[in-house]
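The block underneath contains the structure these notes are about, expressed in structure tokens.
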Amino acid sequence: MLKNKRIVVTGGASGIGAAIVARCVAAGAKAVHVIDIDGDKLAASVAQYSDATLIHHQALDVQDREALTDWLISADESTQGFDIVFNNAGVMSGGDQLLSTRVEHLLRVIDINLIATMIGTRIAAECMSKRGIKGVIINTASTAAFNAMPADPAYAASKAAVVNFTQSCMPLAEQYGIRVHAVCPGVTDTAIVPRNAEWLKPALAAVQWLTPDEIVDVMEEVLVDSNAPAYRRVDNAPRSV
Ligand SMILES: NC(=O)c1ccc[n+]([C@@H]2O[C@H](COP(=O)([O-])OP(=O)(O)OC[C@H]3O[C@@H](n4cnc5c(N)ncnc54)[C@H](O)[C@@H]3O)[C@@H](O)[C@H]2O)c1
């Protein structure tokens, strides 16, 4: 499904995003447009690929709504369209309860996790529909969408909103042939997990961590399944004692 495809990835410098880029390269994608706020880390990550020319990478903060929109449009122009979009960049607030979390950090989580995903979906769907491309958009949500998360309510709310936004985009499949899905990982072994946070330790001790590759496996299943549901959960198995 990734072979010969033109693909867009946000947050591609590490974790799940880097695993998406690796899978695209291994599968023989035609072009990969990838951004990350950490441009140096992204450049270092894509340097491992022998055919780095198929990767168009740049530093970009998805909070910059105009820059995100312009980048998607220029990606569309440079490869005469794209087929698959992964709205994947995400952050946690860094707090451990609502009252110790600065308001600007709450807003940052919403900007990056939700607003950028909505812009990415909206602009990508417009680009695809103008060219008659029956593409697929995959938004990285979280199992946090389905649970209360007192340590980081903005994160849980942003992911719940991503799931609902994605469900609400399902009619695009009938209207334009563009499928929009969310994949909702459980705890996955990446840099975003605040592994030393006291509030998270009991939960981390209770589950087996997922790997970024396991999340990309599910994303690939969604890509090939034209009847895939609006969202797929990837739950952690309990840790055996
Ligand atoms: N790891 C988990 O346990 C887990 C669980 C559920 C959902 N997720 C989601 O998976 C997605 C990927 O996260 P990850 O686990 O790979 O963590 P990660 O921290 O390794 O990767 C996130 C990437 O997003 C980039 N990013 C952050 N802010 C950005 C911005 N403003 N503009 C552009 N790029 C930005 C980071 O630099 C980083 O490379 C996120 O949406 C995250 O919420 C992760």
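Nothing in this text is a laboratory measurement; each read-out follows from the coordinates by a stated rule. Quick caveat, the model's predicted, so the values are computed rather than measured. In this analysis, Cβ positions are derived from the backbone assuming ideal geometry, glycine residues included, and neighbour counts consider all displayed protein chains.
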Spin-label point model (7 Å from Cα, Cβ direction): what's the T69 to D235 distance in nm?
-> 4.0 nm
Indicate the gyration tensor shape class of the range 86-240 (rounded, prolate or oblate), computed on the Cα atoms with a ≥ b ≥ c the square roots of the eigenvalues: a/c under 1.5 is rounded; otherwise a/b larger than b/c is prolate and the rest oblate.
-> oblate
DSSP bridge pairs, the chain: antiparallel proportion in percent, nearest 5 | 5 percent
With the 8 Å Cα cutoff and a minimum separation of six or more residues, the chain has a relative contact order in percent of 18 percent
